[in-house]
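Participant: My structure is below; once you've seen it, I'll send some questions.
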Amino acid sequence: MCANAITAKNRTSFVEPPITPCMPWRIQQLKVLPDYRLFVRFLDGVEGYVNMKQFLFSDRAGIFAKLRDLETFSRATLVYGAVTWPEELDLAPDAMYEQIKASGQWNLDG
C-alpha cells in the first residue's frame, strides 16, 4: 500500500490507518452501465468496459449468477480499488486491467 494522501473516496472507514490503493491496476472510478456492463478507470488512467452479460447467463456463472438481478448488479461499488458486490462478490482488478489495457474492454465469456 502507498502512503498517498487519504481521501474518503474508495476506502473503508473501519481500517486504521485507512488503506489507499496505489497499484496502477487498482480501479479509481466505476460506473454501472445498462446491459450488465461496467465502465472502469484505473489509477494510471487506463479506462475501458467490462461486459458481463454472456458470463452471467452461462452455466459457468456459479455464485455470480446472483448478479443476474439488475438491482443487485447495480449495487457494484469499489473496495480497495476492486469492483465488489454484496455477499463478497468481486472481480480481479489485475486481470481486468490487462485485458482493458490491451483492447479497451474485458469480455467475461460464458
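The values are calculated or read from the model by the stated rules, or taken from the named source; none is laboratory data. In this text, all values refer to a predicted model and were calculated from it rather than measured experimentally. Backbone-built Cβ (ideal geometry, glycine too); neighbour counts: all protein chains shown.
Participant: Given the structure, is residue 102 surrounded by fewer than 15 Cβ atoms within 10 Å (Cβ to Cβ), part of a helix (DSSP H, G or I) and either modelled with pLDDT of 95 or more or over 15 Å from the mean Cα position of the chain (by Cα) (or both)?
Facilitator: yes
Participant: So which residues in the range 59-90 are closer than 24 Å to residue 28 by Cβ, at pLDDT 95 or above and part of a loop (DSSP other than H, G, I, E, B), if there are any at all?
Facilitator: 74, 75, 76 - these are the residues of the range 59-90 that are closer than 24 Å to residue 28 by Cβ, at pLDDT 95 or above and part of a loop (DSSP other than H, G, I, E, B).
Participant: Next question. Condition first: of a type in the set (Asp, Glu) and either in contact with a helix residue (DSSP H, G or I) (Cβ under 8 Å, 6 or more places away or on another chain) or farther than 18 Å from residue 102 by Cα (or both). Now tell me which residues in the range 26-69 satisfy that.
Facilitator: Correct list: 35, 47, 59, 69.
Okay, residues lined up against (1) touching a Pro at 6+ places or on another chain (Cβ under 8 Å); (2) exposed (fewer than 14 other Cβ atoms within 10 Å of the Cβ); (3) among the polar types (S, T, N, Q); (4) modelled with pLDDT of 65 or more:
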| residue | (1), (2), (3), (4) |
| --- | --- |
| 2 | yes, yes, no, no |
| 10 | yes, no, yes, no |
| 15 | no, yes, no, no |
| 29 | no, yes, yes, yes |
| 53 | no, no, no, yes |
